Structures are given as C-alpha cells and as structure tokens.
Amino acid sequence: MSMENALPISHRQRLWLYALGGLVMLFLIAPSVIIVIMSFSGSSLLEFPPQEWSLRWYESYFGSVEWRDATVVSVKVAVMTAIVATLLGTAAAYAINARTLRLTGAINALLTASLTIPVILIGIGTFFLYARIGLNNTLTGLVIAHTVQALPLVVLTVLSGLRSYDMNQEMVARSLGAGRFSAFFQVTMPQIRFSIVSGALFAFITSFDEVVVSLFISGGETTTLTRRMFNALRDQIDPTIAAISTCLIVLSIVLLSAAQLFGRGR
C-alpha cells in the first residue's frame, strides 16, 4: 500500500490547504520582500519597482553619524538586555521547574500574562515611573525596560527545555558530591543550552526591534535606532529607512539561522 493511500486524507485532497498556506506565507513575506527591493532604488522617493538601481541609501545609512550613533545605542542596549534577561530568565525558569519558590504557579502565570499587556501601556507606565527616579533618556533605563519585556520570552523558552530534561540527572550529580551550582553548570546547562541560546537571541531581537517603549523613555544621546526610524518616517519619507529595514531583516535571519545551526550541532 502506498503512503498516499495510507493517509486518511490524500495529498491531492489537501491541495487547497497547501495553496491556502502558500497564500498566507506570501501575504506575510511580501511586505519584507518589497522593502528589500525598494532599498536598492536610486530614487529620492520610495518607489516600487525601482526605476533605477543604486546603493545610495546604504551609503547614506553607513555614512551618517546620527544613524551610526543610534545603531550603536541599540546594539549596546540589546546586548546588555540579552545578558541580563538570559541570566534572570534562566534562574527563574529553573526555580519554576524545580518548584523551589512559593507561589510558583502564580509567578509563571504573571510572566505569561505580561505578554498580553498592550505595549503602549507599558511605555506610559515606564515613562512616569522613570520620571520620578530619573531614568528617562538613560542606557540603564532602556536596559531595564527592555529586560522586563524580554524576560517572559526567556523564561518560557528555557522552561520548555527544562520540561524535556530529566532532573534526576542533576540529582545524581548532587548525590555524588557536586554542589547545586556545579551540578547545574556541568550537567543541566549543557543539555538545555539550545534553549538558553534561543532565549538570549529572542531577548536580543526583542530589544533591538522595540520601538513603542523607546519612544517614551529614550532621547538625545540614548536615541535608539528604531526611535530614529520612527521619527524619520513621521517627519519625511526617507528611503534610508528601507535600507535600514533590510539590514534588520538580514540580522534577524542570521541570528535565527545561527540558533538553528547551533541546535543541529547539539
């Protein structure tokens, strides 16, 4: 009996489903593809398809001090956010999985519920809080705010890795004389490192792409790249935005591909 006949529904009968899935994927990918194509336009306006091909907007991006400074700020904040969120998120996921904290279920539910809060509300609340303690327009304030947003993603990602890991292996190491930290770093962490790395990448991308909260709490020398992009779109249609967007798309693809290659290597 062929594989096709063994299936409850044949591939031919599911052609409509494949076509629908393809249309959905096309709908999601098409805007990004259009942006990438427009970034190579030589026109002073955003146009599709381009009448003239050029790298002038990439040269404008890399040659602008303002754009470079904003990029450096975003990279600094994203790297620090990834480090802090990964450390805190991994520790929180471990405590939740090991049930070493009271109200573990409530903490897990709170972290998950924070993902459903509108970002605009987080931005407004963060702005008024920072206004009282003097953290607006500071790198520290940006890192804290972005860490709060990225932390639930890290916790959920690392927690999924811990749920598929047999904690008895760590208990065996501890029964043989290893301390809790030693057992974690030598036994547990090597087996869940893909989840930890994935959580760190999610934290980095979340921070680097964040714009709503940054609109409220960043400015001056701490203006992030996404905030400057938003201001440029608000004030004028600058095709440099298309070149920057293309660079961000490439960065996201590279990071996610690196995570997948790391997982296969594991």
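The values are calculated or read from the model by the stated rules, or taken from the named source; none is laboratory data. Keep in mind the model is a prediction, meaning the values are calculated, not measured. With ideal geometry, Cβ positions are generated from the backbone for all residues, glycine too; neighbour counts draw on all protein chains shown. Surface accessibility is based on the protein's heavy atoms, side chains included, excluding ligands, DNA and RNA. Shrake-Rupley method; radii C 1.70, N 1.55, O 1.52, S 1.80 Å.
For the reader, a short list of remarks on this structure follows.
- For the stretch 140-159, the set of residues classified as polar (S, T, N, Q) and open to solvent by 20 Å² or more (accessible area, probe 1.4 Å) consists of Thr140, Gln149, Thr157, listed by residue number.
Every residue, every condition in (1) among the aliphatic types (A, V, I, L, M); (2) exposed (fewer than 15 other Cβ atoms within 10 Å of the Cβ), yes or no:
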position	(1), (2)
Trp67	no, no
Val72	yes, yes
Val77	yes, no
Ala85	yes, no
Leu88	yes, no
Ala92	yes, no
Ile96	yes, no
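- Long-range neighbours under 6 Å by Cβ, at least six apart or interchain, first residue under 18 Å from Ala242 (Cα atoms) within the stretch 59-74, second assigned to a helix (DSSP H, G or I) and basic (Lys, Arg): Ala70/Arg228
- Scanning the stretch 209-235 for residues that are within 18 Å of Leu121 (Cα to Cα) and open to solvent by less than 20 Å² (accessible area, probe 1.4 Å) yields Glu210, Val213, Ser214, Ile217, Ser218.
- Sub-6 Å Cβ pairs linking a first residue in the stretch 136-158 that is within 19 Å of Thr226 (Cβ to Cβ) to a second residue that is aromatic (Phe, Trp, Tyr), at least 6 apart or interchain, are Asn136/Tyr130; Gly141/Tyr130; Leu153/Phe202, ordered by first then second residue.
- Selection within the stretch 14-36 - open to solvent by less than 50 Å² (accessible area, probe 1.4 Å) and free of Cβ contacts under 8 Å to residues at least 60 places away in the same chain: Gly21, Gly22, Ala30
- Pick from the stretch 160-170, criterion assigned to a helix (DSSP H, G or I), modelled with pLDDT of 70 or more and not basic (Lys, Arg), ranking: most open to solvent (accessible area, probe 1.4 Å): Ser160
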